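Input: a single structure, listed below in structure tokens.
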Amino acid sequence: MKVGLYARVSTHDQQTLALQREAMEAYVQQRAWEIAVLVEEIGSGGRERWQREALMRAARRRAIDAIVVWRLDRWGRSLADLVGTLYELQALGVGFISLSEALDFATPTGRAMAGLLAIFAEFEREILRERVKAGIAQARKRGTPHGRPPTVAHHAAAVRQLAAAGLSKSAIARQLGMSRTSVRRLIG
């Protein structure tokens, strides 16, 4: 079985990269599997992770049979991201193994855990959606404007005045720091 190993730390100061790699290599060696890809990344989970995406491309090409990580939080940016990638891997027939949590999503128990994670991810999205709606309703109740801020409406008088003075649409746009299209919409 060919596997891809994924290790990540958030900053250069963290010393667990070697620990992660050694634990994963030992796990793979015990099973006599082959390491096809070893990915090590340094960076926050919130940023784009190009190396992880390269590993996902290897899974899509069927170059690997499973992905092994040290801990789930090293792989997913959020619960929704974790569940999304796990679903994609499952659809591809690529296993996913997390050593610290002793999860193997290629087994029936692991698939059941993936289902539970999906339920919690959906729950998290629903709670967030409700909070956003409640915040919007509260803001409207207080009279606080909601939505995109008006960019052109508060310049309407100045645009018309400058147009009456004979300035071109481009000159008006430059002077007021807005797009020429917005000026054209106001003037007609």
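A few points about this structure:
- A simple rule links phi to the HN-Hα coupling: the Karplus curve 6.51 cos²θ - 1.76 cosθ + 1.60 with θ = phi - 60°, which for the stretch 76-83 gives x, 6, 8, 4, 5, 5, 4, 5 Hz, with x for Gly and Pro.
- Separation of alpha-carbon centers, the stretch 27-68 and the stretch 120-188, rounded to whole Å: 44 Å
- For the chain, share of DSSP beta bridges that run antiparallel, in % to the nearest 5: 10 percent
- Considering all C-alpha pairs of the stretch 1-94, those separated by over 24 Å amount to 15%.
- With the convex hull of the Cα atoms taken as the outline of the stretch 56-114, the averaged projected area works out to 3.6 nm².
- Inter-label distance for GLU130 and GLU48, nm, one decimal - labels placed 7 Å from Cα along Cα-to-Cβ: 3.5 nm
- Residue among THR16, ALA59, GLN30 farthest towards the positive dipole end of the stretch 1-99, charges placed on Cβ: ALA59
- Under-5 Å amide H pairs with LEU103, H placed in peptide plane, nonlocal only: SER98
- Here the gap between MET1 and THR109, fully extended at 0.36 nm per residue and compared with their Cα-Cα distance, gives a gain of 36.9 nm.
- Between the amide H of ILE67 and those of GLY4, GLY95, PHE96, ILE97, distances stay under 5 Å, these residues lying 5 or more places away or on another chain, with hydrogens modeled in the peptide plane.
- Highest average packing first - 123-130, 166-173, 73-80, Cβ atoms within 10 Å: 73-80, 166-173, 123-130
- Rg/Rh (Cα only; Kirkwood hydrodynamic radius) as it applies to the chain: 1.26
- Of all DSSP beta bridges in the stretch 2-107, antiparallel share, percent nearest 5: 10 percent
- Cut-off 9 Å between beta-carbons: net charge of the residues surrounding ILE187, Lys and Arg +1, Asp and Glu -1: +4
- Using θ = phi - 60° in the Karplus curve 6.51 cos²θ - 1.76 cosθ + 1.60, the 3J(HN,Hα) couplings for the stretch 51-60 round to 5, 4, 5, 5, 5, 5, 5, 4, 5, 5 Hz; x is entered for Gly and Pro.
No lab work stands behind these numbers, since they all come straight from the coordinates. Just so we're clear, the structure is a prediction, and the values are computed from it rather than from any experiment. Using ideal geometry, Cβ is built from the backbone for each residue, glycine included, and neighbour counts are taken over all protein chains shown.
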